[in-house]
Amino acid sequence: MIIDAQTNIVYFSSLLEGQFPEFWTELKIILEKHSIKWKWIYDTRYIWCRDYMPVQITEDEYVQFKFFPNYYLDHNYIRYLKIQDEMEYNQMGNINYVDLIVDGGNIVKTKDKAIMTEKVFTENKNRE
């Protein structure tokens, strides 16, 4: 499994540049200085894309969970919900879709396993 430090590209919501232009200018300089590849994800509604991005498993293989956290059911957050199947990930590679609600920010990867918080159980009560 690819741990975060080994990923070969960094993806950002295209909202970042418009919502935080000064931050993006500085971050882009740092990325370029260290020769870190990056790409935009367009048509997002929520800036923190780690939560809904596919998780990189190998150099060209990813797992896409469903992102539908229970707090999005609140009227203050529902407008941020975006179905992952509708997003363009700039030809990331082979994406395997898994019918499991998971917030990618709650996943920690090691070389041979993924550690998830208990939230995966509360979000998927219909599963054993």
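The values are calculated or read from the model by the stated rules, or taken from the named source; none is laboratory data. What you see is a predicted model, and the numbers here were worked out from it, not measured in a lab. No Cβ is skipped: glycine too gets one built from the backbone with ideal geometry, and neighbour counts run over all protein chains shown.
So how many residues does the stretch 49-87 have that are of a type in the set (D, E, K, R) and modelled with pLDDT of 80 or more? It would help to see each step written out before you state the result.
If we filter the stretch 49-87 for residues that are of a type in the set (D, E, K, R), which is where we start, we get 50-51, 59-61, 66, 74, 79, 82, 85-86.
Checking the rest, the ones that are also modelled with pLDDT of 80 or more come to 50-51, 59-61, 66.
Qualifying residue count for the region: 6.
Assess whether Asn90 counts as being modelled with pLDDT under 80 and either under 20 Å from Trp40 (Cα atoms) or touching a His at 6+ places or on another chain (Cβ under 7 Å) (or both).
Working: modelled with pLDDT under 80: yes; either under 20 Å from Trp40 (Cα atoms) or touching a His at 6+ places or on another chain (Cβ under 7 Å) (or both): yes.
So Asn90 fits the description; yes.
Just to be sure, is Phe23 on the phi < 0 side of the Ramachandran plot and surrounded by 12 or more Cβ atoms within 10 Å (Cβ to Cβ)? If you could, list the steps in order and put the result at the bottom.
Working: on the phi < 0 side of the Ramachandran plot: yes; surrounded by 12 or more Cβ atoms within 10 Å (Cβ to Cβ): no.
So Phe23 does not fit the description; no.
Kindly indicate which of Ile47, Ile2 is surrounded by 13 or more Cβ atoms within 10 Å (Cβ to Cβ), within 18 Å of Asn96 (Cα to Cα) and among the hydrophobic types (A, V, I, L, M, F, W, C).
On the way: Ile47 fails: within 18 Å of Asn96 (Cα to Cα).
Result of the check over Ile47, Ile2: Ile2.
Mind checking which strands (runs of 3 or more DSSP E) fall wholly inside the stretch 1-110 and carry at least 3 residues that are of a type outside the set (A, V, I, L, M, F, W, C)? Let's see the steps before the verdict.
On the way: elements: 10-13, 38-41, 55-58, 61-66, 94-101, 107-109.
Ranges flagged: 61-66, 94-101.
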